[in-house]
Amino acid sequence: MVLRQELLVGFFLLSFCLPGSCNLVLDVQHKFKGREKTPNELRSHDVRRHGRLLSIVDLELGGNGHPAETGIGLGTPPNDYYVQVDTGSDVLWVNCMGCSNCPEKSDIGVELRLFDPKGSSTAKFITCDQSSCSAMYGGGTIRDCKPDMLCKYTIIYGDGSATSGDFVKDYIHLQQAVGNHQTTVTNGSIEFGCAAKQSGELGTSSEALDGIIGFGQANSSIISQLAASGKVKKIFAHCLDSVSGGGIFAIGDVVEPTVKTTPVIPHQVHYNVVLNGVKVGETTLDLPVGLFETEYRREAIIDSGTTLAYLPGHIYHPLMQKILGAQPGLKLHTVDHQFTCFKYDENVDDGFPLVTLLFVESLILIVYPHEYLFQIRDDMWCVGWQNSGTQSRDGREVTLLGDLVLQNKFIYYNLENQTIGWIEYNCTSGIKLREEKSGKIYTVGAHRLSSAASIIEIGRLLPLLLAFTLFFIQ
């Protein structure tokens, strides 16, 4: 198995409904699916991401966020854009016409496009004296606001990258679910950032896309805007399949599968939960006394935009010792200066132990050997667990759980009651969501959306076949 990276959505078309509830579907792709990547490429991707992720992000007038991946369709007439989906980012922004230092090409094969507000008959810039501008920043007073001054944003990431521009309101288009595996096109309006300037990595062609869409908890995020308008519940979920690249991304009241949950740590930039312990096989790791005495030391970040999984040294070292101790005869090699690799020609699930992460409220997350080990050739395997202290620029030790441990699991974010949960699941099968007004339950399946726009391979991007469903409520 070759590790995958991030979600890429095609034709992200968002909608508001007329009185009465409706259900919406989004086709998405998985970035780099089908393309083998070296260990160094996997790590380099995470280095770029974590420079943004592991930092405080400053919005000029308040709020915070950081990036991940998706794609969208905007304007009238609509044009398609490819953007990053990020569970830790709060703002949807796209590169706009006249942007300074915006990338002109991408090394992942997508055709980049600049959004042109003048080319859309429904685009309107938001001014700082409008209530919607204030709402984007928590409802506070906007400093030095004058009549007709545009509502601006600036996001500065930890790696020095930055994006800035103005907020725009325009139509965004989506597939509306009207029954089991049935959709029709609809559209509506939403506020997003129109980027006028990029710097750092955001201005390079490396993995470049048209922008970023945030699913964080701030008022400026897509899910917060929709929830504030009464159109959706503040609940979403995703499920990524490691074999076919299929899966589901949904917003709404999921009734099947049911999941056990753990509380989200309040007042955090990211989706943080409390880690209580770690087991390797049947052995609970003997961690230092006092390690889990404070919530701060126990925080684990859940991040679907990260490829690997990062652990503090006091967890990483005993964990690696137990895993590799299961096969004492292995000849270990270091690949790309950081990955522990070895030759092994048998079934890794039979030869290596399960890793179980233990969370508050008795929630567990089981990681199988075929998930935490990845192949770089037929008989060569590398360990995906990483020491966060040696990998981060500032030496900060964090627990960061990415695709490595999230694949093949249905991950459920319920921001209405501040919980996250998960369950092992066949991510290519359907899920069931309840329509709030009528109480009807619809099945959403990644491969059977009869009206959804087809997903076309673009360059090295292969179909993810995710269904992104929004259940609007009144």
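Things worth noting here:
- Checking Asp116 against (1) closer than 30 Å to Asp303 by Cβ; (2) surrounded by fewer than 16 Cβ atoms within 10 Å (Cβ to Cβ), the condition it does not meet: (1)
- Cβ-Cβ distances below 6 Å connect the following pairs, each with a first residue in segment 115-131 that is among the β-branched types (Val, Ile, Thr), a second residue that is surrounded by fewer than 18 Cβ atoms within 10 Å (Cβ to Cβ) and assigned to a helix (DSSP H, G or I), and a separation of six or more residues or different chains: Ile126/Ser132.
- Residues (closer than 21 Å to Ser224 by Cβ and of a type in the set (S, T, N, Q)) located in segment 236-282: Thr261, Gln268, Asn272
- Of residues in segment 136-145 being under 27 Å from the mean Cα position of the chain (by Cα) and open to solvent by less than 40 Å² (accessible area, probe 1.4 Å), the one modelled with the highest pLDDT: Met136
- Any hit, segment 412-435, residues being at pLDDT below 85 and either open to solvent by 50 Å² or more (accessible area, probe 1.4 Å) or over 16 Å from Pro257 (Cα atoms) (or both): yes
- Cross-chain or 6+ apart pairs with Cβ under 9 Å, segment 94-109 first and under 14 Å from Ser161 (Cβ atoms) and in the same structural domain as Gly73 (by the TED database), then part of a loop (DSSP other than H, G, I, E, B) and among the β-branched types (Val, Ile, Thr): Pro103/Thr204
Yes/no per residue for (1) open to solvent by 50 Å² or more (accessible area, probe 1.4 Å); (2) on the phi > 0 side of the Ramachandran plot:
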residue: Gly75; (1), (2): no, yes
residue: Gly88; (1), (2): no, no
residue: Cys96; (1), (2): no, no
residue: Ser134; (1), (2): no, no
residue: Pro147; (1), (2): yes, no
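- Residues satisfying the stated conditions in segment 103-113, i.e. out of contact with any helix residue (DSSP H, G or I) (no Cβ under 7 Å at 6 or more places or on another chain), surrounded by 14 or more Cβ atoms within 10 Å (Cβ to Cβ) and not charged (D, E, K, R): Ser106, Ile108, Val110, Leu112
- Residue list for segment 339-373, restricted to those being farther than 16 Å from Leu319 by Cβ and open to solvent by 50 Å² or more (accessible area, probe 1.4 Å): Lys343, Asp345, Glu346, Asn347, Asp349, Asp350, Glu361, Ser362, His370
- Reported count of residues in segment 258-293, each being modelled with pLDDT under 90 and closer than 25 Å to Thr87 by Cα, is 5.
- Selection from segment 257-276 of residues that are among the hydrophobic types (A, V, I, L, M, F, W, C) and either in contact with a His (Cβ under 9 Å, 6 or more places away or on another chain) or part of a loop (DSSP other than H, G, I, E, B) (or both): Val259, Val264, Ile265, Val269
- For segment 107-147, the set of residues classified as charged (D, E, K, R) and over 18 Å from Leu92 (Cβ atoms) consists of Asp107, Glu111, Lys118, Asp129, Arg143, Asp144, Lys146, listed by residue number.
- Leading residue by the ranking (modelled with the lowest pLDDT) among those in segment 208-226 that are of a type in the set (A, V, I, L, M) and out of contact with any helix residue (DSSP H, G or I) (no Cβ under 7 Å at 6 or more places or on another chain): Leu226
- Considered as a group, the residues in segment 301-338 that are farther than 17 Å from Val367 by Cβ and touching a strand residue (DSSP E or B) at 6+ places or on another chain (Cβ under 7 Å) include one that is surrounded by the fewest Cβ atoms within 10 Å (Cβ to Cβ), and that residue is Lys331.
- Scanning segment 246-256 for residues that are in a loop (DSSP other than H, G, I, E, B) and either open to solvent by 40 Å² or more (accessible area, probe 1.4 Å) or in contact with a Cys (Cβ under 7 Å, 6 or more places away or on another chain) (or both) turns up just one, Gly246.
- Close pairs from segment 257-268: first hydroxyl-bearing (Ser, Thr, Tyr), partner at pLDDT 90 or above and assigned to a loop (DSSP other than H, G, I, E, B), Cβ under 8 Å, at least 6 apart: Thr261/Leu363; Thr262/Leu363
The values are calculated or read from the model by the stated rules, or taken from the named source; none is laboratory data. This one's a predicted model, so the numbers in the text were calculated from it and none came from an experiment. Here Cβ is always computed from backbone atoms with ideal geometry, including for glycine, and neighbour counts include all displayed protein chains. SASA here: full protein model, heavy atoms, side chains in, ligands and nucleic acids out. Shrake-Rupley method; radii C 1.70, N 1.55, O 1.52, S 1.80 Å.
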